[in-house]
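Undergrad: Structure incoming, see below.
The values are calculated or read from the model by the stated rules, or taken from the named source; none is laboratory data. Not measured: the values here are computed from a predicted model. We place every Cβ from the backbone using ideal geometry, glycine too, and count neighbours over all the protein chains shown.
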Amino acid sequence: MEDTVGNSQSPKDSGQKAKKLKEDIKSLEKELKEIQGSCNHPDYKLMNCPSEFSTFSLKKVCVKCDKEIGYPSQQEVDSWAKG
């Protein structure tokens with residue numbers, strides 16, 4: 001039985017599209033890294049960010065370029081928690 005639901009492209013076309021998307025992602029990640037590298041991070045906000053050691057971790061994130069720039073102090077955490 002052939003599965004044709006949602007499969008309007010041949011496997012070759014899908015493979016080429018996947019390769020192109022990966023190349024685009026790599027290019028965009030490089031561009032983002034350049035933008036974040038040249039940013040002076042004038043202001044930040046506190047955000048819960050995904051972490052490799054736990055589900056989320058509270059971090060300082062630049063408002064301008066969206067780069068994670070560090071961890072907040074306990075005073076910043078307390079202020080953030082109060083809303």
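Undergrad: Do we have Lys33 as part of a helix (DSSP H, G or I), exposed (fewer than 10 other Cβ atoms within 10 Å of the Cβ) and either at pLDDT below 95 or within 15 Å of the chain's Cα centre (by Cα) (or both) here? So that I can check it myself, show each step before the final result.
TA: Values: part of a helix (DSSP H, G or I): yes; exposed (fewer than 10 other Cβ atoms within 10 Å of the Cβ): no; either at pLDDT below 95 or within 15 Å of the chain's Cα centre (by Cα) (or both): yes.
Criteria not met by Lys33.
Undergrad: Also: Filter the range 1-30 down to the residues that are among the acidic types (Asp, Glu) and at pLDDT below 95 and list them by number.
TA: Within the range 1-30, Glu2, Asp3, Asp13 meet the criteria.
Undergrad: Confirm whether Pro72 is touching a strand residue (DSSP E or B) at 6+ places or on another chain (Cβ under 6 Å) and modelled with pLDDT of 90 or more.
TA: Values: touching a strand residue (DSSP E or B) at 6+ places or on another chain (Cβ under 6 Å): yes; modelled with pLDDT of 90 or more: yes.
Answer is yes for this residue.
Undergrad: Within the range 40-83, count every residue that is farther than 26 Å from Lys30 by Cβ and either under 14 Å from the mean Cα position of the chain (by Cα) or small (Gly, Ala, Ser) (or both).
TA: Residues that pass the stated criteria total 7.
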